[in-house]
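Engineer: Before I ask anything, let me first share the structure, which is written out below as structure tokens.
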Amino acid sequence: MEPILEAIQDFFFSTGFAGLTPLHIIFLALGLGIVYLGLVKKIEPLLLIGIGAGIIMANIPGIHLATEGFLALLRTSLIETELVPIFIFLGLGALTDFRPLIAQPYTLLLGAAAQLGVFMALLGALAMGFHLNEAAAIGIIGGADGPTTIYTSAELAPYMLGPIALAAYTYMAMVPIIQPPIIRLLPKKQRAVKMKPPRPVSDTEAILFPIILVGIAAMLVPASTPLIAMIALGNIFRESKITEVVERLAKTSGQQFMDILIIILTIGVGSTLSVDYVMQYAEKMGIEPVTFLSRFLLVFVWGLLAFAISTLGGVAFGEIMYIITKGKVNPAIGAAGVSAVPMSARVVQREVQRVDPNNYIIMNAMGPNVAGVIGTATAAGVYIGYVKTWYLANYGFLPWE
């Protein structure tokens with residue numbers, strides 16, 4: 001009888017149940033909850049199912065996939081090296097139409113104004129005790145751009161990649177909930193303003209724009225070059241009608257290749273929300289695990305504030321344009337200045353039609369929406385360049401590497 005009991009005991013201790021802790025249970029419940037939201041509630045299923053699956057796999061006790069297994073390899077070789085976020089911008093470029101922005105270049109200012117939350121969140125996070133590199137990564141959530149947020153976090157605070165990415169994608173999914181109350185602060189008279197459709201843009205303009213954009217971005221903010229260059233290249237694929245080969249490149253970049261990258265990205269990001277990963281980085285950074293986890297919760301608070309402030313900044317600048325143009329610009333399009341393309345533009349269209357069902361303004365809103373992508377990528381470049389320079393100047397090394 002004793003050998004049988006010993007065999008049963010040995011078997012039990014070889015299972016994951018033996019290493020299960022309350023923290024494992026919390027993370028596993030989080031993963032299951034995220035999969036539920038994506039699969040059953042249809043909230044960003046393209047992203048949340050993969051993130052949830054990554055969390056579940058990384059938190060099976062006894063196998064250490066997040067720090068030693070294939071998830072660690074996937075994350076360190078493809079995500080923390082920024083390869084996947086950068087190539088996702090290639091796909092975004094192939095899917096994005098720059099023509100509304102080219103037709104109405106003044107909307108670039110709305111995209112810039114909608115970065116207000118990015119900078120305010122940095123200051124707020126600093127005031128709450130976050131380090132400069134962490135505050136910069138958190139601030140980028142305000143741009144509502146998942147790949148840019150992940151790229152910035154991988155560069156400046158890789159140990160916070162999971163909660164920062166999850167917060168970014170969560171608030172992107174909540175665009176239709178967060179933005180309408182802010183848009184409704186505008187008087188109905190202003191929301192009812194009808195705008196002329198954007199002018200037609202020639203093929204030559206459409207090809208030259210991304211080329212000029214890369215030249216300017218590279219000179220002004222060199223650290224933003226990888227993101228801007230890839231979105232520009234993808235857009236050149238989209239706009240080129242020279243040969244069937246270029247058309248194939250555009251379709252592959254925006255469809256099959258993009259899908260593969262999203263699978264890798266979501267599973268890899270999910271793996272950072274694990275007991276092993278948290279313990280490893282808490283020890284490396286000299287922080288108690290409980291304190292480390294509490295800081296994760298603050299990421300979600302500041303992510304929400306950053307996104308709301310960015311929307312408010314875009315709407316406020318839209319109001320200024322309304323006044324300057326004597327009522328020719330509908331200030332609601334400023335809310336589309338965040339880079340959640342095309343969700344924010346659709347929200348603006350819906351809110352405008354609540355006042356006037358015959359008002360079609362979505363193409364006007366797409367200008368600031370595309371500008372928001374460029375604005376967030378530029379802000380990320382500014383943060384990365386400044387933060388790395390500051391740490392090297394003051395410490396001589398980057399503490400998170």
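So that you can scan it fast, the table gives a plain yes or no per residue for (1) more than 27 Å from I183 (Cβ to Cβ); (2) modelled with pLDDT under 90; (3) of a type outside the set (S, T, Y); (4) not in a helix (DSSP H, G or I):
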site	(1), (2), (3), (4)
L74	yes, no, yes, no
P100	no, no, yes, no
V118	no, no, yes, no
L123	no, no, yes, no
T149	no, no, no, no
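Engineer: Among the residues of the stretch 325-345, what is the count of those that are of a type in the set (D, E, K, R) and either under 15 Å from P197 (Cα atoms) or in contact with a helix residue (DSSP H, G or I) (Cβ under 7 Å, 6 or more places away or on another chain) (or both)?
Structural biologist: 1
Engineer: Please count how many residues of the stretch 226-250 are of a type in the set (D, E, K, R) and in contact (Cβ under 8 Å) with a residue 12 or more places away in the chain.
Structural biologist: Residues flagged as of a type in the set (D, E, K, R) and in contact (Cβ under 8 Å) with a residue 12 or more places away in the chain within the stretch 226-250 amount to 3.
Engineer: Across the stretch 294-320, what is the total count of residues that are under 18 Å from Q179 (Cβ atoms) and over 21 Å from the mean Cα position of the chain (by Cα)?
Structural biologist: Result for the stretch 294-320: 4.
Engineer: Something else about it: Could you tell me which of the residues A377, A308, A340 is part of a helix (DSSP H, G or I) and over 17 Å from A137 (Cβ atoms)?
Structural biologist: When all the criteria are applied, what remains is A308.
Engineer: Let me ask you something else. Please indicate, with yes or no, whether at least one residue in the stretch 207-225 is touching a residue at least 12 places away in the same chain (Cβ under 8 Å), within 17 Å of the chain's Cα centre (by Cα) and within 22 Å of F89 (Cβ to Cβ).
Structural biologist: yes
Engineer: On to the next question. For V387, indicate whether it is farther than 22 Å from I102 by Cα, hydrophobic (A, V, I, L, M, F, W, C), surrounded by 19 or more Cβ atoms within 10 Å (Cβ to Cβ) and modelled with pLDDT of 95 or more.
Structural biologist: When the stated conditions are applied, V387 passes them.
Engineer: Under 21 Å from the mean Cα position of the chain (by Cα), farther than 30 Å from M366 by Cα and at pLDDT below 90: does that describe T81?
Structural biologist: It is true that T81 is under 21 Å from the mean Cα position of the chain (by Cα), farther than 30 Å from M366 by Cα and at pLDDT below 90.
Engineer: Which residue pairs have Cβ atoms closer than 9 Å, lie 6 or more positions apart in sequence or on different chains, and pair a first residue in the stretch 285-299 that is within 24 Å of L398 (Cβ to Cβ) with a second residue that is acidic (D, E)?
Structural biologist: P289/E283; R295/E134; V299/E134
The values are calculated or read from the model by the stated rules, or taken from the named source; none is laboratory data. Since the structure is predicted, the reported quantities are computational estimates derived from the model, not experimental observations. Positions of Cβ are generated from backbone atoms using ideal geometry, with glycine treated the same way; all protein chains shown enter the neighbour counts.
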